[in-house]
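Student: Structure provided below as structure tokens; questions to follow.
The values are calculated or read from the model by the stated rules, or taken from the named source; none is laboratory data. A quick note: this is a predicted structure, and the numbers were derived from the prediction, not measured. With ideal geometry, Cβ positions are generated from the backbone for all residues, glycine too; neighbour counts draw on all protein chains shown. Keep in mind that these areas ignore ligands, DNA and RNA; they rest on the heavy atoms of the full protein, side chains included. Shrake-Rupley method; radii C 1.70, N 1.55, O 1.52, S 1.80 Å.
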Amino acid sequence: MIDVYISGDCGYVWDAKDALRLRQEYRIIGSLIGGVAQFKNQNAVNGLPLQLNADEVTLLVQRGWATLKDLTLDVGRVAELARYNPSSTAPSTSSTNTAGQPGTVQ
């Protein structure tokens, strides 16, 4: 089953194997919209995610080939991402004291 992440009126496939399977087995083409960092001209070559329009997503779900996932993040996921991006405004799940040790903030 292919995971299709929904945002607005489009679906996105982030897994390369799933994107290839969509194109080869199901003949769903979509549009690769991601940038590839190795290329200077970002407009010439695109990568993941694969963007699917509403009709493509509807067909995939009706045929039982895909499941829909919500692209919005829940609070737990935001807190997890904040560990990797300390400048984010996400609520912190841990605290440090003035000595830099885990514990209560003074």
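Student: Report, ordered by the first and then the second residue, all pairs with beta carbons closer than 7 Å, sequence separation of six or more or different chains, a first member in the stretch 6-32 that is assigned to a loop (DSSP other than H, G, I, E, B), and a second member that is open to solvent by 80 Å² or more (accessible area, probe 1.4 Å) and of a type outside the set (G, A, S).
Tutor: I29/R23
Student: Next question. Looking at (1) modelled with pLDDT under 90; (2) over 17 Å from L71 (Cβ atoms), find the lone condition where S7 falls short.
Tutor: Every condition holds for S7 apart from (2).
Student: Within the stretch 12-62, count every residue that is exposed (fewer than 12 other Cβ atoms within 10 Å of the Cβ) and among the charged types (D, E, K, R).
Tutor: 5
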